[in-house]
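Quick notes on the structure that follows.
Read-outs throughout are calculated quantities, based only on the coordinates presented, and are distinct from any laboratory measurement. On a predicted model such as this, the values are computed, not experimentally measured, just so you know. Virtual Cβ from ideal backbone geometry, glycine too; neighbours counted across all protein chains shown.
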Amino acid sequence: MHNPLLVNNIYEKISLIEEVCHNLLVGELHLEVPLIPGREFKMVAAREIPNKKGLSYREGQGQMLHDLASIELQAMELGLRTLADFPEAPLLFREQLVQIIIEESQHLKLCLKGLEQLGYRWGDWPAHVQLWASTSSEDDLLDRILIVHRYLEGSGLDASSILLKRLSSVDCPPLEKAIHKIAEDEESHVEFGSYWFQKNCKIKKLDSDFEFKTRFKKVLPRLPKRFERINFELRKKVGFTDVELQVLSNVREEWVESFKSK
């Protein structure tokens, strides 16, 4: 069976995902985890991604869907990586993770279909693998949950709420459909991360707030900087504590101040 993490073609990746997840779940497959997942075209650094046109332009709508496709592709691959890296994780965690991976693949399909409806295709703009590069073979399960489901997807939750407001004045059904679906599912994905982070801390008799603060500081150098305002109400709804939110808020303020001083 082909490994979706090594396959270059994005549609082949999607077609393989459910069967590969099932085989990993039942222990019938060992998956090689590459340094960088396969792609059909050369990846660039995130800072080299060109500025997007406004959403009132068809090209800007296409660029946004392309960026979202890149994010959802990496989210799908990161879920698969966690499934492969932690076969000893609780069965319920792994079963729930498989559902999340499948939902990410559905988001990806929505974005690709939307691109086609607008007259574009995957690869029309550059893409990056910055989200994938946030993880490491040295992560333990708590690190991985924090990075993927609490930081990356949590940041996506903040960004989605802002995007939905921007879409209120834009007529682009394919983009609107994709973002609404992503925002709807993202809540449960982040809630999954909060639940399992806190549950694993409890099992190990660790203080979850302390672990969040300590581990976040440790992995911070490899995380993408996020400048969007934190949606405190939404974050609390999906399981973030006041201490965790303060940690995130402090770091964001430091990044914003650093950006202003340049």
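Annotation: extensible slack from Lys260 through Leu6 equals 87.4 nm (criterion: 0.36 nm per residue apart, minus Cα-Cα distance).
Rounded to the nearest Hz, the phi-derived 3J(HN,Hα) couplings of the stretch 182-199 under the Karplus curve 6.51 cos²θ - 1.76 cosθ + 1.60 (θ = phi - 60°) are 4, 4, 5, 6, 4, 4, 5, 5, 6, 4, 4, x, 4, 4, 6, 5, 5, 5, where x marks glycine and proline.
Remark: the stretch 59-73, residue by residue, has Karplus-estimated 3J(HN,Hα) of 5, x, 5, x, 4, 5, 5, 5, 4, 5, 4, 5, 5, 5, 4 Hz, where x stands for each Gly or Pro and the curve is 6.51 cos²θ - 1.76 cosθ + 1.60 at θ = phi - 60°.
Which pairs in the list Lys177/Lys236; Lys52/Lys237; Lys52/Lys165 are over 21 Å apart, alpha-carbon to alpha-carbon? Going by Cα-Cα distance, Lys177/Lys236; Lys52/Lys237 fall outside the 21 Å limit. Of the residues Gly54, Gly38, Ala84, the one whose Cα sits farthest toward the positive end of the charge dipole of the stretch 1-133, with +1 on the Cβ of Lys and Arg and -1 on the Cβ of Asp and Glu, is Gly54. By the beta-carbon count within 10 Å of each Cβ, the least crowded to most crowded order of Asp139, Asp171, fewest first, is Asp171, Asp139. Dipole magnitude for the chain: computed about the Cα centre from +1 point charges on Lys and Arg Cβ and -1 point charges on Asp and Glu Cβ, it is near 840 debye.
Based only on other Cβ atoms within 10 Å, what is the fewest-to-most ordering of Asp158, Asp140?
Working: Asp158 21, Asp140 12.
The fewest-first ordering by Cβ neighbours comes to Asp140, Asp158.
Dipole check for the stretch 1-88: with +1 at the C-beta of Lys and Arg, -1 at the C-beta of Asp and Glu, and the Cα centre as origin, the magnitude is about 600 Debye.
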